[in-house]
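This report concerns only the one structure given below.
The values are calculated or read from the model by the stated rules, or taken from the named source; none is laboratory data. Predicted, not measured: the structure shown is a model, and the values here were computed from it. No Cβ is skipped: glycine too gets one built from the backbone with ideal geometry, and neighbour counts run over all protein chains shown. Keep in mind that these areas ignore ligands, DNA and RNA; they rest on the heavy atoms of the full protein, side chains included. Shrake-Rupley method; radii C 1.70, N 1.55, O 1.52, S 1.80 Å.
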Amino acid sequence: MRIVALAGGIGGARFLRGLLAAVGPQDEITVIGNTGDDIHLYGLKVCPDLDTVMYTLGGGIHEEQGWGRTDETWSIKAEMQEYGVGPEWFGLGDRDFATHLVRSQMLTAGYSLSQVTEALCVRWKPGVRLLPMSDDRVETHVRITDEQGTRAIHFQEYWVKLHAAVDAEAIIPVGADTAKPAPGVLEAIADADVILLPPSNPVVSIGTILSVPGIREAVAAAPAPVVGLSPIIGGAPVRGMADKVLAAVGVEATAEAVALDYGSALIDGWLVDTADQDSVAAVEAAGIACRAVPLLMTDVEATAEMARAALALAEQVRT
Ligand code: GDP
Ligand code: CA
């Protein structure tokens with residue numbers, strides 16, 4: 001079976017680990033990764049979501065943190081701080097730096113981001129084909145108003161520095177309107193047997209991937225069933241501040257509202273947590289097949305069970 005999954009960082013990567021445990025060796029998984037979180041720091045290109053997927057599936061992730069490398073050290077950051085060079089709020093460890101150096105060196109030499117990602121994956125062997133959503137530069141910005149007035153700041157500044165403590169007024173994927181899907185992305189979607197939307201952030205992870213012209217249209221037009229899993233349980237994100245960016249796009253932070261926002265034109269099936277059993281009928285009334293199953297990714301086996309439920313729902317809605 002050919003499975004395509006759209007993925008952000010932690011939520012996407014953890015789900016994919018469960019999906020890999022649930023499928024067989026004959027199944028092929030293509031992951032379309034969000035690059036809207038990318039940031040240029042010290043002249044290096046940093047791709048947090050691609051790296052989280054790569055490190056998580058390749059066994060190099062810092063487990064508790066959910067991002068960055070295991071057994072990390074911080075000498076470079078400390079040395080930079082001695083020079084008074086920040087940003088001090090963004091965590092790039094020494095081992096992680098190597099990834100960004102290799103990536104940036106290859107980009108400077110003229111390779112595309114997809115070629116670089118493939119090269120990095122030779123080391124990490126994630127067990128999936130990892131494609132960036134686009135080789136073109138897309139960077140999500142967030143419009144806020146604070147004592148400095150109304151301005152747009154980089155998503156990482158909003159998320160990591162400000163911890164989304166200020167209301168987001170708008171989410172702008174800068175560059176998306178002219179970006180092209182990376183090679184292989186549209187083909188993988190069209191050829192898929194199943195398309196999954198992991199419990200990644202619906203706005204700044206999945207929403208950003210879908211904002212690349214052609215990708216949303218391809219997913220909606222794909223012959224394969226499209227099934228999503230809710231990142232929202234009991235009216236709140238399981239982890240992180242997704243409610244803040246949902247508010248910016250006028251969507252309530254509930255499993256039901258997120259499903260209706262994706263809409264029946266995009267998704268055929270939706271999984272909510274058992275805590276949200278009451279929302280199943282409303283989602284189904286909107287033309288989306290819905291089931292309530294445990295959606296906490298407490299360990300790989302629990303996550304594999306979520307993946308099996310998503311694949312089973314895909315079979316049920318296959319027409
Ligand atoms: P990010 O790029 O690192 O923010 O990661 P993603 O966008 O891939 O995923 C973030 C989302 O994962 C958040 O909105 C969380 O609510 C969701 N999430 C994290 N852990 C779990 C879990 O155990 N179960 C579910 N259903 N969602 C989760
Ligand atoms: Ca992310």
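Within 10 Å, count the other beta carbons around each residue, average over each peptide in 293-303, 2-12, and list them highest first.
Packing proxy ranking, top to bottom: 2-12, 293-303.
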### Message
Is there a quick way to get the dipole size of the stretch 171-319? I mean about its Cα centre, with the Cβ of Lys and Arg at +1 and of Asp and Glu at -1; what is the value in debye to the nearest 20?
### Response
300
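Which whole-number percent is the relative contact order of the chain (Cα, under 8 Å, 6+ apart)? Write down the numbers at each step before the final one.
On the way: 660 pairs, mean separation 63.1, N = 319.
Reported relative contact order: 20 percent.
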### Global geometry of the chain, whether rounded, prolate or oblate, following the gyration tensor of its Cα atoms and the 1.5 cut on a/c
prolate
#### Entry: Size of electric dipole in the chain: Cβ of Lys, Arg +1 and of Asp, Glu -1, about Cα centre, debye, nearest 20
600
### Message
Can you give me the accessible area per residue for the stretch 90-206, using a 1.4 Å probe, in Å²?
### Response
43
### Query
Build a GNM of the chain with springs between Cα atoms under 10 Å: which of G184, G84, G207 gets the top mean-square fluctuation?
G84
### Message
I'd like the distance between the alpha-carbon centres of the stretch 82-106 and the stretch 258-284, rounded to an integer number of Å.
### Response
40
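What does the charge add up to near K77, with Lys and Arg as +1, Asp and Glu as -1, over the other residues with Cβ less than 14 Å from its Cβ?
Values: positive: R69, R95; negative: E72, E79, E82, E88, D94, D96.
Every neighbour counted, the sum reads -4.
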### Message
If packing is taken as the average number of other Cβ atoms within 10 Å across a peptide's residues, how do 236-249, 274-287, 124-137 rank, most packed first?
### Response
124-137, 236-249, 274-287
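Ignoring ligands, DNA and RNA, please state the percent of accessible area on the chain from carbon and sulfur, probe 1.4 Å.
Working: 7000 of 13280 Å².
Answer for the chain: carbon and sulfur cover 53 percent of the accessible area.
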### Summary
Tilt, helix 300-317 to longest principal axis of the chain (alpha-carbon atoms), in degrees rounded to tens, equals 50
### Query
Helix 48-58 sits at what angle to the longest principal axis of the chain, using alpha carbons and giving 0 to 90 degrees rounded to 10?
70
### Task
Bin all alpha-carbon pair distances of the stretch 44-143 at 5 Å intervals from 0 and give each bin's fraction as a whole percent.
2, 12, 21, 23, 19, 15, 6, 1, 0
### Query
In the stretch 84-221, with Lys and Arg counted as +1 and Asp and Glu as -1 at Cβ, which of these residues, P173, A119, L196, has the Cα nearest the positive end of the dipole, that is, farthest along it?
A119
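Could you put Y42, Y111 in order of accessible surface area, largest first, with the 1.4 Å probe and the full protein assembly present?
Order by accessible area, largest first: Y111, Y42.
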